[in-house]
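J.: Once you've had a glance at the structure underneath, I'll fire off some questions.
Please treat every number below as a calculation from the coordinates, not as lab data. Computed from a predicted model, the values in this text were never measured in an experiment. Cβ: placed from backbone, ideal geometry, glycine included. Neighbour counts: every protein chain shown.
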Amino acid sequence: MPVPDGFVRIIRSEFPDDRLTFQKRVATFHPESAQEAAQLFALANKHSQKLFVTGFGNNIDPRGEPFLSMVSVRTDRLNRIEEVNEQDLYITVGSGYPLREINHRLFRHKLVLVPALLPYVGSVGGAIAVGLTGELHEVAVPMKKYLLKATVVTPTGEVISPGSVCFKSVSGYDVVKLFHNSWGLLGLIVSASLRLMPATGVEDFREFHQLGIDRTGLLAALDASDLSDDAIYARKIRRKFDPNSILPIV
């Protein structure tokens, strides 16, 4: 069944008209800030409305009957470069910014984002969510190696900013890494801060190539029949982030 007309009316009464569109018959919300996304997630919890997080729809594609009863949350308008820090070698960019375009913008700064050397066609947030990974000299180089910090809207509607752009942060588990290969099931990545390197080092990555998208990761761990310690821990994290199951597995 489609998204209830009542929830569609709520969205249109709470947000500007252009925030809600219908893509392939799927109700699609286009937030332009973390606050707008958080407000939508809070409404979804209040009204028990299921959501589905996507980027450009290249790898996480809401299409077909299972999605007609959901509201897809698309990051295409979270597409600004917020900061290029030449001194501390990082960039902060909206999750809807195309990954492959970043190095074109960094050219005048003489800096490079290594994951953007890969032929991945999609957004920054999508690349994080699907666990984009390259390989250099038979060594895997995941995007999470360059992920320093993120602004995330959790399924309960809270805005959090795990991680740090400092070279040395507090000890303990690096929570921001949880969102790598999370497939949008732990919340909406709004922006990310990513480690850069001087462009003079790009020659070292001439043989850098992309590995296939791993469609297991968190998705596989959420299979209740998997009783491994990692899978049990992953399910606990999932319940902690999304106690009301606003972001279902499809």
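J.: Classify the chain: rounded, prolate or oblate, from the alpha-carbon gyration tensor (a ≥ b ≥ c, eigenvalue square roots; a/c under 1.5 rounded; otherwise prolate if a/b is larger than b/c)? Please report the intermediate quantities before stating the final value.
T.: Working: a/c = 1.80, a/b = 1.46, b/c = 1.23.
In terms of gyration-tensor shape, prolate.
J.: Right, next: Is there a quick way to get the dipole size of the chain? I mean about its Cα centre, with the Cβ of Lys and Arg at +1 and of Asp and Glu at -1; what is the value in debye to the nearest 20?
T.: Details: 28 positive and 27 negative charges, 80 e Å.
Using only the charged Cβ atoms, the result is roughly 380 debye.
J.: Where in region 14-44 does the label zone of GLU82 land, with the point 7 angstrom along Cα→C-beta and an amide N cut-off under 20 Å?
T.: Inside the label zone: 30-42.
J.: Nearest 5 is fine: what % of DSSP beta bridges in region 5-74 come out antiparallel, could you say?
T.: Working: 4 of 11 bridges.
The antiparallel proportion sits near 35 percent.
J.: Which FRET efficiency, nearest 0.05, do ALA199 and ASP5 yield, Cβ-Cβ r, R0 30 Å? Working shown, then result.
T.: Working: r = 53 Å, r/R0 = 1.76.
That gives a FRET efficiency of 0.05.
J.: Oh, and also: What does the C-alpha gyration tensor say about the overall shape of region 72-212? Classify as rounded when a/c is under 1.5, otherwise prolate if a/b is larger than b/c, or oblate.
T.: The shape class here is rounded.
J.: Going by how many other beta carbons lie within 10 Å of each one, how would you line up PHE241, PHE56, fewest first?
T.: On the way: PHE241 21, PHE56 18.
Least crowded to most crowded, the residues run PHE56, PHE241.
J.: If you rank ILE60, ILE189 by fewest surrounding Cβ atoms within 10 Å, what's the result?
T.: Values: ILE60 20, ILE189 31.
In increasing order of surrounding Cβ atoms, one gets ILE60, ILE189.
J.: Right, here's the next one. Count the lysine pairs in the chain whose Cα atoms lie under 18 Å apart, taking only pairs 8 or more positions apart in sequence or on different chains.
T.: Close lysine pairs under the 18 Å cut-off: 12.
J.: With each label point set 7 Å from Cα along the Cα-Cβ vector, what nm distance links ARG100 and ASP223?
T.: 3.3
J.: Out of the DSSP beta bridges found with both residues in the chain, what percent are antiparallel (nearest 5)? List each step's numbers first, then the result.
T.: Values: 31 of 38 bridges.
Approximately 80 percent, going by the DSSP bridge assignments.
J.: Please say if region 5-74 is rounded, prolate or oblate, where rounded means a/c under 1.5 for a ≥ b ≥ c the square roots of the C-alpha gyration tensor eigenvalues, and otherwise the choice is prolate for a/b larger than b/c and oblate otherwise? All intermediate terms of the calculation are to be shown ahead of the outcome.
T.: Values: a/c = 1.56, a/b = 1.32, b/c = 1.18.
Because a/c hits 1.5 or more and a/b exceeds b/c, region 5-74 counts as prolate.
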